[in-house]
1. What are the ³J(HN,Hα) couplings of region B:128-139, residue after residue, when phi is run through the Karplus curve with 6.51, -1.76, 1.60 and θ = phi - 60°? Round to Hz, x for glycine and proline.
2. Radius of gyration and Dmax for chain B's Cα atoms, expressed in Å?
3. Can you list the copy-to-copy distances for B:Leu50, using a point 7 angstrom from Cα toward Cβ, in nanometres, shortest first?
4. What nm value, rounded to one decimal, do you get for the distance between A:Val74 and B:Asn236 when each label is placed 7 Å out toward the C-beta?
5. Could you quote the convex hull projected area for region B:33-118, Cα atoms only and averaged over all directions, in nm²?
6. Please compute the length gained on full extension between A:His106 and A:Ala45, using 0.36 nm multiplied by the number of residues separating them and subtracting their Cα-Cα distance.
7. Once you list every other residue whose beta carbon is under 12 Å from the beta carbon of A:Lys62, what net charge do they have if Lys and Arg are +1 and Asp and Glu are -1?
8. Taking the Cβ of B:Val130 as the centre, find all other residues whose Cβ is under 9 Å away and add up their charges (Lys, Arg: +1; Asp, Glu: -1).
There are 2 protein chains.
Amino acid sequence: MKTKMGEIIKGKPVADAITESIINDVEEIKSKGINPKLTIVRVGADPSDLAYERGALKRMEKCGIEKEVVELPVDISQEDFIRELKKVNEDENTHGILVFRPMPKHLDEDVIKYIISPEKDVDCFSPVNVAKVTEGDETGFPPATPTAVMEILKHYDVDLKGKHAVVIGRSLVVGKPVSMLLLKENATVTICHSRTQDLPGVCRAADVLVAAVGRARMVDDTYVKDGAVVVDVGINMDEDNNLCGDVDFDKCVGKSSMITPVPAGVGSVTTSVLAKHVVKACRILNNI
Amino acid sequence: MKTKMGEIIKGKPVADAITESIINDVEEIKSKGINPKLTIVRVGADPSDLAYERGALKRMEKCGIEKEVVELPVDISQEDFIRELKKVNEDENTHGILVFRPMPKHLDEDVIKYIISPEKDVDCFSPVNVAKVTEGDETGFPPATPTAVMEILKHYDVDLKGKHAVVIGRSLVVGKPVSMLLLKENATVTICHSRTQDLPGVCRAADVLVAAVGRARMVDDTYVKDGAVVVDVGINMDEDNNLCGDVDFDKCVGKSSMITPVPAGVGSVTTSVLAKHVVKACRILNNI
C-alpha cells in the first residue's frame, strides 16, 4: 500500500514571490524620488525580538527599503517612550513603524496604541487597524502573521470560497484577525480555543485548519479530516529543545492534502508581508 | 404522540429586568447631581428610524434618562453634518450619542465615524469601539442588537462555555460583533454567510443558533439540531406583509429547546441596551 502524502507547502517560495514583486514596486517608487522606509522601535533586547529584527532588516535590504532601528532602554518611562514614538511617527521619511510587543509591563500598550498613525501602522498596533480588519476594509494593515497565512493559501491556490476553515486560537495577533481575513475570502469560519468541547471533532470539519494555539505538536491526526489543508502558525520548543509547531507534522502529513512545515512555513513569510505593508503605507502617505 | 415544544423566550422580561436595574442606577447618579442623557442624531425621517426613535425615547423616559433629538435635513451637506455632530459631541450634558445608520449616501460614514467620541458612542459607530469589541475590551460599546442577543441568553441562563454557537450573517452590526461577544463567553463560534456550503448542515452543529441574515423564514427545521437554542435577529416582511424573522418559527419551535419569537424577541431588548450604555457612558465620562 502506498502511503498518501500531503504536499509540503513551504514559506520560502511565497516570500520570494512577494519580495520579487516588491523590488519592482520599490524601484518604481524610488524613480519618483521617494524612498520607502521602515522604522523599528524596540524596547530592550529580547532575543526573539532581535532574531525577528535581523530577518526584517535583511528582507528590507533585499527589497530596497530603507530601515532604521530605534533602540530604547528597557526601563524607559512611559512619558519618554511616548515622546520617542511620536518623533518616529512624525518623521516624514518613515512610512512604516513596527513596535515590538509585548512591551515591558510598566508601559501601557492601551495608551500607546493610540499614538501610532494608522497609516504607518504596518503591524496592526492601532485600534483603527484592528477595526479595519474586522470591517474587511482593505486600506488597513492586518498583523503580519495572519496575512502571511493568507499569502500562503493564495500562493498555493487553496480555494476558500464556501469552504470550512477552522482556526484554533482566538488571540488578537493571530486567531481573530486570520478569522476575519478568511471570512473576507468567503470561507465559513469556526474559531476554537481552550474551552472548546470536542476540539478534535470540531477541527475534523475543517477543509482548511489553522493552528495558532502555542502548544507543541498538540494537533495530531485525530484533528485532521482526510485531504484537509493544514497551516501551522505555532513556534514552540519541545522537551528536547527542538523548534516545532502546534501541529504534529509526522502524524498529520499523510492525512492532509497540503501542510506547512515548522520551521520554514508561515514564519518565513512574515517579513515579506512587513515589506509589502511598508510599500503600501508609502503609497498611501504619498498618494501614489 | 405529544409534540415536543421549545420554550418561547421573549424579550420583554429581559428588557424589564434591565430597565429595573437602570432605574436604580440612574437615581443613584442623579443624587450626585448628574443627569444621564442620550442625544439622537437623525438625518431625514426614515419610517424605521422614527419607529426605533419612538421606542428609544419611551425607554429613556422609563429609565429616567434625559433625551434630545437633533433632526437634520436629508440633504444636509457633509460639512454641516460634521459641524452639528461635533456640537453634540462637545455638549457636556450629552453622555450617549446615537446616529441613525445607514446615512444618506452623500454623507461619508467612513469619515464621520471618526468624529464621535468613543466614550459617548453607545451604538458602536466609532472604529475604537469596533476594535474594543474585537479585543474583548469591556470598556467599549458593542452595537445594541448583538448585545441584546447576549442579554437574552444570559437572562434565560443559556450555558455558552465550550458550546458551539453558529451565527448566520457576517455584518458589522450583528454577525461579527455577536460572534466576538459569544467568543468572549467561551463559546466555540462558527460564522456562516451566503457563500457557506451546506448551510443547514453547518447550522445543525449548533447548540446555539443565531440567525442574522435578513431573509424571511429562511431558517427552517433542517437547520436546527434537536434541543438547540435558536435566537432570531431578523426583522422582515413576508409576502403577505406580516412581520417575521429569519427563522420559520412554526417549523423550528418543536425542535429547539428555546426560541425567540419575532416580533417580541431580540428587538424588544435593544432600547434597554441603549439605556444601559448611556448610563455606562455617563459613569465613564464622570469617573463615577
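1. 4, 6, 4, 5, 4, 5, 5, 6, x, 7, 6, 6
2. My reading of the Cα-based Rg and Dmax gives 19.3, 66 Å.
3. 7.0
4. 5.9
5. The number I arrive at for region B:33-118 is 5.6 nm².
6. 20.4 nm is the gain from fully extending A:His106 to A:Ala45.
7. 0
8. Counting the neighbours of B:Val130, the net charge comes to +3.
Every number in this text was worked out from the coordinates using simple rules, so none of it is lab data. Predicted model only: the values in this text are computed from it and were never measured. Here the Cβ is made from the backbone with ideal geometry for all residues, glycine too, and neighbour counts use every protein chain on show.
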